[in-house]
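Let me begin by presenting the structure, written as structure tokens, before commenting on it.
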Amino acid sequence: MLSVRAWTLIAIIASFALYIGIAIWSRVRTTEGFYVAGRGVSAVANGMATAADWMSAASFISMAGLIAFLGADGSVYLMGWTGGYVLLALLIAPFLRRFGWYTVPDFVAARYYSNVARVVAVIAAIFISFTYVAGQMRGVGVVFSRFLGINVEAGVLIGMVIVAVYAVWGGMKGITYTQVAQYCVLIVAYLLPAIAIAFALTGLPIPQLAIAGTLPRLDGLSTELGLSAYSTPFTGFSRLNVLAITTALMVGTAGLPHVIVRFYTVRSVRAARWSAGWALLFIALLYTTAPTVAIFAKYYMLDTLANRPLVEVQAIDWVRNWMQTGLITLRDANGDGIMQAAELFGAAGLTASIDRDIVVLALPEIAGLAPFVIALVAAGGLAAALSTASGLLLVISSAVAHDVYGQILRPEARESERLRVARVAIAFAVIIAAWFGIRPPGFVAEVVAFAFGLAAASFFPILVLGIFWKRTTSAGAIAGMVTGLLFTGGFILLNRSVQVFGTSQPILGPFFGITAQGIGTVGMLLNFAVTIGVSLVTPPPPGHVAELVDAIRQPASS
Amino acid sequence: MSADPRHWRALLRRTGILLAVWFLIGPVAGILIVDRLNAFTFAGLPFGFWIAQQGSILVFVVLIFLNAWLAARADDTAIGQAPAKNGDR
């Protein structure tokens with residue numbers, strides 16, 4: 001019988017070998033191949049790639065844990081991160097595919113007839129993507145340190161070398177087909193343990209149905225242990241805050257550059273529409289399973305740990321394993337030698353003993369599943385983190401190499417030169433991302449939520465208005481993006497000043513009850529208001545822009 | 001070169017209806033009245049909780065596929081009436 005560590009090594013090496021193999025097969029020689037995979041990706045393949053691109057370390061590693069701790073209010077992540085696809089598919093993706101070109105700033109520059117607008121869009125895209133990449137790298141570090149006992153720095157470096165190989169070599173084409181493979185790895189890794197646990201707990205192998213039997217037991221156990229019932233809403237966030245966070249995540253999803261550019265890679269406008277459906281279907285496989293994993297995990301943890309003596313809890317194998325990583329620190333706050341539910345999960349003002357990030361990674365161990373399942377989960381977590389990181393890195397490099405160098409600094413550059421610059425830019429982006437991974441800021445999902453807020457407040461309003469309201473002017477869009485970014489970014493920094501600047505108190509409290517995670521909604525509304533207001537007092541866009549808008553509204557041939 | 005106004009108006013109407021469903025299932029049923037819906041049971045779970053954590057996601061998937069299908073049908077009709085002249089991609 002092989003150990004967990006041996007299985008994990010096999011799973012990780014095998015999956016990495018697969019990614020490198022795909023990279024060698026998908027070498028590109030043109031900038032169109034490098035930035036948009038030659039526009040030859042099928043709707044289903046792009047759906048899978050989009051799902052992997054977009055389901056990050058946060059979705060795979062952190063989300064079920066966040067939901068387990070939040071209970072019913074975990075729906076902010078579930079509805080927020082799926083509902084945005086409806087906005088993306090109906091309001092943005094097919095129109096931007098019709099427009100063509102390579103990047104989101106390309107569209108902004110053409111529609112708003114200004115390189116100033118392009119520069120603002122480039123800054124927003126780079127800022128959003130680096131914020132997001134930081135979260136992925138922390139995920140890679142957690143997986144390597146727990147499962148292989150390698151230190152976080154070495155783990156991050158190994159991950160980044162793999163990404164560098166296939167991103168520099170194959171550009172968007174390499175990234176697309178490795179993402180398809182990564183989706184397959186991550187979805188199997190996520191579903192297999194969930195199915196096994198659902199079967200063990202209720203005899204039903206479908207987790208989505210099995211929670212019908214588990215939730216009432218969990219609700220009963222929670223109340224008995226002095227926590228609020230799991231299915232009661234608005235225990236973690238107020239109703240207004242739930243609305244604001246959900247909206248920010250939805251709108252942010254529709255405005256994330258690395259997701260939008262995936263729709264540039266398909267063959268046609270129609271394929272872009274179908275592809276969005278496939279993407280959300282593949283995402284829904286994980287997203288309808290995550291809340292069931294949360295319920296199973298919470299039930300197991302309460303059942304095996306709560307109200308047990310501290311010494312007994314410390315002796316449990318998986319608790320010991322995770323204590324070594326520092327992600328479980330048993331805090332017996334009242335010193336009675338017994339771990340109460342509130343001490344474990346951090347209710348009633350107590351700091352939780354268990355880090356939310358470990359729930360998915362630890363569940364197979366907690367439920368006593370076979371070592372190879374645990375190894376598969378490790379490979380899945382890496383697949384989720386690396387696939388998202390590579391998509392983000394492409395956005396960063398295309399913003400620098402295509403938008404800044406190719407369009408503004410040296411528009412006369414030859415094809416071979418552009419391709420070389422693109423490869424150098426992505427290599428640099430990988431190095432900077434590795435640095436972020438070694439010095440990561442905060443919780444994975446928390447950091448990612450901020451990236452969504454910034455995307456919601458910058459891109460979404462001006463993309464939608466650009467397509468649906470011809471009167472939107474350059475000055476309006478620039479003012480709107482700048483306002484949205486400054487307001488949202490500024491508020492997050494001041495509201496989270498304890499974590500960011502190390503102040504003892506937040507410099508700014510919640511905004512009328514809305515916290516940092518939901519502030520993107522306010523930023524988005526401000527952006528809409530400013531863009532519309534300024535557009536109305538500035539001269540209408542020139543004729544060729546009206547023609548461009550007419551062209552992207554044309555019916556699409558098959 | 002100018003877009004056919006009928007095609008565009010039909011697109012706006014279709015988009016509006018689909019987004020209205022999206023709004024009713026997501027923000028309204030999943031958040032604004034979720035506690036009231038919890039009085040009902042669906043698939044063994046409180047209905048509001050089920051909508052917020054399972055049902056809404058399924059509805060979103062259906063809405064996007066429905067849009068792709070309806071939009072393709074509308075495009076066929078529009079192209080049949082007035083073939084695209086400007087080298088449609």
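The values are calculated or read from the model by the stated rules, or taken from the named source; none is laboratory data. What you see is a predicted model, and the numbers here were worked out from it, not measured in a lab. With ideal geometry, Cβ positions are generated from the backbone for all residues, glycine too; neighbour counts draw on all protein chains shown.
Against the definition (within 10 Å of chain B (Cβ to nearest Cβ) and under 20 Å from the mean Cα position of the chain (by Cα)), how does A:ALA254 come out, yes or no? Explain how you work it out, then say what you get.
Values: within 10 Å of chain B (Cβ to nearest Cβ): no; under 20 Å from the mean Cα position of the chain (by Cα): yes.
So A:ALA254 does not fit the description; no.
Restricting to region A:267-285, count the residues that are under 17 Å from B:GLN53 (Cβ atoms) and either at pLDDT below 95 or surrounded by 24 or more Cβ atoms within 10 Å (Cβ to Cβ) (or both).
Just the residues of region A:267-285 that are under 17 Å from B:GLN53 (Cβ atoms), to begin with: A:280, A:283-285.
Checking the rest, the ones that are also either at pLDDT below 95 or surrounded by 24 or more Cβ atoms within 10 Å (Cβ to Cβ) (or both) come to A:280, A:283.
The number of residues fulfilling the criteria is 2.
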query = Tally time: how many residues in region B:4-27 are exposed (fewer than 14 other Cβ atoms within 10 Å of the Cβ) and either among the small types (Gly, Ala, Ser) or facing another protein chain (nearest Cβ under 7 Å) (or both)?
reply = 2
request  = Hey, could you check region A:227-249 for residues that are over 28 Å from the mean Cα position of the chain (by Cα) and hydrophobic (A, V, I, L, M, F, W, C) and say which is nearest to the other protein chains (Cβ to nearest Cβ)?
outcome  = A:ALA229
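Quick check, is A:SER56 crowded, with 24+ Cβ neighbours inside 10 Å and either within 11 Å of another protein chain (Cβ to nearest Cβ) or more than 23 Å from the chain's Cα centre (by Cα) (or both)?
Values: crowded, with 24+ Cβ neighbours inside 10 Å: yes; either within 11 Å of another protein chain (Cβ to nearest Cβ) or more than 23 Å from the chain's Cα centre (by Cα) (or both): no.
In short, no.
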query = Among the residues of region B:28-49, how many are closer than 30 Å to A:ALA43 by Cβ and more than 7 Å from chain A (Cβ to nearest Cβ)?
reply = 1
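Can you tell me which of A:PHE282, A:PHE296 is under 30 Å from A:ALA124 (Cβ atoms) and more than 9 Å from chain B (Cβ to nearest Cβ)? Lay out the reasoning, then the answer.
Values: A:PHE296 fails: under 30 Å from A:ALA124 (Cβ atoms).
After applying the criteria, what remains is A:PHE282.
Regarding A:VAL185, is this residue among the β-branched types (Val, Ile, Thr) and either under 29 Å from A:PHE345 (Cα atoms) or touching a His at 6+ places or on another chain (Cβ under 9 Å) (or both)?
Values: among the β-branched types (Val, Ile, Thr): yes; either under 29 Å from A:PHE345 (Cα atoms) or touching a His at 6+ places or on another chain (Cβ under 9 Å) (or both): no.
So A:VAL185 does not fit the description; no.
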ask   = Residue check: is A:ALA45 touching a residue at least 40 places away in the same chain (Cβ under 8 Å), aliphatic (A, V, I, L, M), crowded, with 24+ Cβ neighbours inside 10 Å and over 15 Å from B:ALA52 (Cβ atoms)?
value = no
key: Every residue from region A:538-558 that is touching a Ser or Thr at 6+ places or on another chain (Cβ under 9 Å) and free of Cβ contacts under 8 Å to residues at least 24 places away in the same chain   = A:GLU547, A:ASP550, A:PRO555
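So is A:ALA352 touching a Gly at 6+ places or on another chain (Cβ under 6 Å) and either of a type in the set (Gly, Ala, Ser) or over 30 Å from A:PRO257 (Cβ atoms) (or both) or not? Steps first, please.
Working: touching a Gly at 6+ places or on another chain (Cβ under 6 Å): yes; either of a type in the set (Gly, Ala, Ser) or over 30 Å from A:PRO257 (Cβ atoms) (or both): yes.
Spelling it out, A:ALA352 is indeed touching a Gly at 6+ places or on another chain (Cβ under 6 Å) and either of a type in the set (Gly, Ala, Ser) or over 30 Å from A:PRO257 (Cβ atoms) (or both).
Within region A:235-266, how many residues turn out to be among the polar types (S, T, N, Q) and either within 21 Å of A:GLY47 (Cβ to Cβ) or surrounded by 24 or more Cβ atoms within 10 Å (Cβ to Cβ) (or both)?
Applying the first criterion (among the polar types (S, T, N, Q)) to region A:235-266 yields A:235, A:238, A:241, A:246-247, A:253, A:265.
Add one more test, that the residue is either within 21 Å of A:GLY47 (Cβ to Cβ) or surrounded by 24 or more Cβ atoms within 10 Å (Cβ to Cβ) (or both), and what stays is A:246-247, A:253, A:265.
Here the count works out to 4.
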ask   = Is it true that A:ALA516 is among the aliphatic types (A, V, I, L, M) and within 14 Å of A:ILE467 (Cβ to Cβ)?
value = no
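For region A:15-31, which positions are touching a residue at least 24 places away in the same chain (Cβ under 8 Å) and surrounded by fewer than 19 Cβ atoms within 10 Å (Cβ to Cβ)? Can you show your working first?
Filtering region A:15-31 for residues touching a residue at least 24 places away in the same chain (Cβ under 8 Å) gives A:15-16, A:18-20, A:22-31.
Within region A:15-31, A:LEU18, A:ILE20, A:ILE24, A:TRP25, A:ARG27, A:ARG29, A:THR30 meet the criteria.
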query = In region A:533-550, what count of residues is obtained for those that are at the interface with another protein chain (Cβ under 7 Å from one of its Cβ atoms) and within 33 Å of the chain's Cα centre (by Cα)?
reply = 0
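In region A:103-112, is there at least one residue being more than 19 Å from the chain's Cα centre (by Cα), surrounded by fewer than 20 Cβ atoms within 10 Å (Cβ to Cβ) and not hydroxyl-bearing (Ser, Thr, Tyr)?
Restricting attention to region A:103-112, the residues satisfying the condition of being more than 19 Å from the chain's Cα centre (by Cα) are A:103, A:105-112.
Okay, now just the ones that are also surrounded by fewer than 20 Cβ atoms within 10 Å (Cβ to Cβ), so A:110.
Narrowing further to those that are not hydroxyl-bearing (Ser, Thr, Tyr): A:110.
Yes, region A:103-112 contains a residue that is more than 19 Å from the chain's Cα centre (by Cα), surrounded by fewer than 20 Cβ atoms within 10 Å (Cβ to Cβ) and not hydroxyl-bearing (Ser, Thr, Tyr).
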key: B:ALA39 being small (Gly, Ala, Ser) and either under 26 Å from A:VAL251 (Cβ atoms) or assigned to a helix (DSSP H, G or I) (or both)   = no
message = Out of the residues in region A:186-226 meeting the condition of being crowded, with 23+ Cβ neighbours inside 10 Å and more than 13 Å from A:THR292 (Cα to Cα), tell me which one is nearest to the other protein chains (Cβ to nearest Cβ).
response = A:SER222
inquiry  = Out of the helices (runs of 4 or more DSSP H) lying entirely within region A:67-151, which hold 1 or more residues that are under 30 Å from A:ALA11 (Cβ atoms) and either more than 11 Å from chain B (Cβ to nearest Cβ) or in contact with an Asp or Glu (Cβ under 7 Å, 6 or more places away or on another chain) (or both)?
reply    = A:115-148
message = Looking at the structure I just gave you, is A:PHE263 more than 11 Å from every other protein chain (Cβ to nearest Cβ), in a helix (DSSP H, G or I) and among the aromatic types (Phe, Trp, Tyr)?
response = yes
ask   = What helices (runs of 4 or more DSSP H) lie completely within region A:478-558 and have 1 or more residues being on the phi < 0 side of the Ramachandran plot and touching a strand residue (DSSP E or B) at 6+ places or on another chain (Cβ under 8 Å)?
value = A:519-537
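Select, from A:LEU218, A:LEU192, the only residue that is farther than 22 Å from A:ALA434 by Cβ, touching a Lys or Arg at 6+ places or on another chain (Cβ under 7 Å) and in a helix (DSSP H, G or I).
Details: A:LEU192 fails: touching a Lys or Arg at 6+ places or on another chain (Cβ under 7 Å).
Only one candidate qualifies: A:LEU218.
In the list A:GLY502, A:GLY489, which residue meets the criterion of being modelled with pLDDT under 95 and surrounded by fewer than 15 Cβ atoms within 10 Å (Cβ to Cβ)?
Working: A:GLY489 fails: surrounded by fewer than 15 Cβ atoms within 10 Å (Cβ to Cβ).
Being modelled with pLDDT under 95 and surrounded by fewer than 15 Cβ atoms within 10 Å (Cβ to Cβ) holds for just one of A:GLY502, A:GLY489, which is A:GLY502.
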